[in-house]
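Note sheet for the following structure.
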Amino acid sequence: RSSVAMPELICSRRDLAFLLYEWLGVERLTQRSRYAEHSRETFDAALDTAEQIATELFATHNRKSDLEEPTFDGEGVRLIPEIKQALDAFSAAGLMSAEHDEALGGMQLPVVVTKALFACFKSANVATSSYALLTVANANLLLAHGTPAQVDAFVRPELAGRFFGTMCLSEPQAGSSLSDIATRAEYEGESPLGPQYRLAGNKMWISAGEHDLAENIVHLVLAKIPGPDGRPIPGVKGISLFVVPK
């Protein structure tokens with residue numbers, strides 16, 4: 001791979017324009033109240049921003065991040081500085097919250113348009129863009145299932161780019177078998193964010209699980225709540241998803 005990719009190699013605007021406007025007809029979405037303030041011009045402006053940042057800040061360190069892999073210095077994982085520079089620009093441009101409500105600081109773009117934006121970043125640098133897209137997925141789950149207090153505590157900082165997110169699901173002995181997970185969650189009491197648990201166990205395949213890119217890392221962790229006898233319940237019963245900030 002080249003260390004610097006040309007814009008047309010990152011996201012072909014001709015192809016995106018055909019897909020968005022001629023095939024999918026996304027301009028029709030502006031007839032809906034949620035997208036009434038948008039137009040083809042605002043969609044194109046967002047694509048222009050994504051293309052520029054992807055070209056100038058993401059593609060330019062694609063090869064370098066392969067050659068200079070993350071390191072552990074005994075206290076934390078360190079990455080090349082270009083990764084943080086790229087993700088800071090991504091967040092500053094409002095792209096972390098592109099599809100989200102204006103009340104959350106978002107652009108309120110149609111999801112189909114945000115997928116086109118993100119295609120530019122995936123094409124430019126799969127690894128660096130994954131930090132951002134994992135965070136968006138984390139925030140979306142909390143928006144769907146979290147309480148207002150949890151949204152304020154975790155989602156808003158994520159969409160602002162201050163916190164990043166992961167999902168900690170699989171375990172070495174379990175793989176994709178949910179019934180075999182052994183991470184335990186012991187109830188400790190109530191907190192301002194809801195019931196609080198102490199978790200103990202091992203997880204694997206945690207992309208973006210540790211880094212120096214943000215103030216905090218919000219892990220979503222699958223764990224089992226023991227039964228009344230204090231022992232894990234067989235099968236998938238008792239499994240819950242916990243918010244575990246670093």
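The values are calculated or read from the model by the stated rules, or taken from the named source; none is laboratory data. These figures come from a predicted structure and were not determined experimentally. Positions of Cβ are backbone-derived with ideal geometry, glycine not excepted, and every protein chain shown enters the neighbour counts. We work out accessible area using only protein heavy atoms, side chains counted, and drop any ligands, DNA or RNA first. Shrake-Rupley method; radii C 1.70, N 1.55, O 1.52, S 1.80 Å.
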| query | Probe 1.4 Å, all protein chains in place: accessible area of GLU69 in Å², nearest 10? | reply | 130 Å²
| request: May I ask you to list the residues of segment 130-158 whose amide nitrogen lies under 17 Å from a point 7 Å from Cα along the Cα→beta-carbon direction of ALA103? | output: 140-157
| Between helix 81-92 and the chain: long-axis angle, C-alpha atoms, 0 to 90°, nearest 10 | 80 degrees
| Relative contact order of the chain, defined on C-alpha pairs under 8 angstrom at six or more residues apart (%) | 16 percent
| said: Suppose accessible area is computed on protein heavy atoms with a 1.4 Å probe; arrange MET96, MET204 from highest to lowest. | reply: MET204, MET96
| remark: Heavy-atom accessible area with a 1.4 angstrom probe orders VAL155, VAL112, VAL77, most exposed first, as VAL112, VAL77, VAL155
| said: Quick one: 3J(HN,Hα) in Hz for segment 22-30, Karplus 6.51/-1.76/1.60 with θ = phi - 60°, rounded, Gly and Pro as x. | reply: 8, 8, 8, x, 5, 4, 5, 5, 5
| How about LYS84: which aspartates and glutamates have a C-alpha closer than 19 Å to its C-alpha, ignoring those fewer than 8 places off in the same chain? | GLU51, GLU56, ASP66, GLU68, GLU69, ASP73, GLU75, GLU158, GLU210, ASP212, GLU215
| Among the lysines, which fall within straight-line cross-link reach of LYS224, defined as a Cα-Cα distance under 17 Å, with same-chain neighbours fewer than 8 residues apart omitted? | LYS203, LYS237
| note | Rounded to two decimals, the Rg over Rh value of the chain from Cα coordinates and the Kirkwood Rh reads 1.02
| request: Averaging sequence separations of C-alpha pairs under 8 Å and six or more residues apart, then dividing by the length of segment 147-231, give the relative contact order as a whole percent. | output: 38 percent
| Taking R0 as 45 Å, what's the FRET efficiency between ARG40 and ILE233 from their Cβ-Cβ distance, rounded to 0.05? | 0.25
| query | Would you list VAL243, VAL221, VAL111 from the most to the least accessible area, probe 1.4 Å? | reply | VAL111, VAL243, VAL221
| message | Counting heavy atoms of the protein chains only and a 1.4 Å probe, report the per residue accessible area for the chain as a whole number of Å². | response | 53 Å²
| request: With +1 on each Lys and Arg Cβ and -1 on each Asp and Glu Cβ, and nothing else charged, work out how big the dipole of the chain is about its Cα centre, in Debye to the nearest 20. | output: 580 debye
| Within the chain, helix-based [θ] at 222 nm, where runs of 4 or more DSSP H residues each add -39,500 (n - 2.57), nearest 500 | -9500 deg cm²/dmol
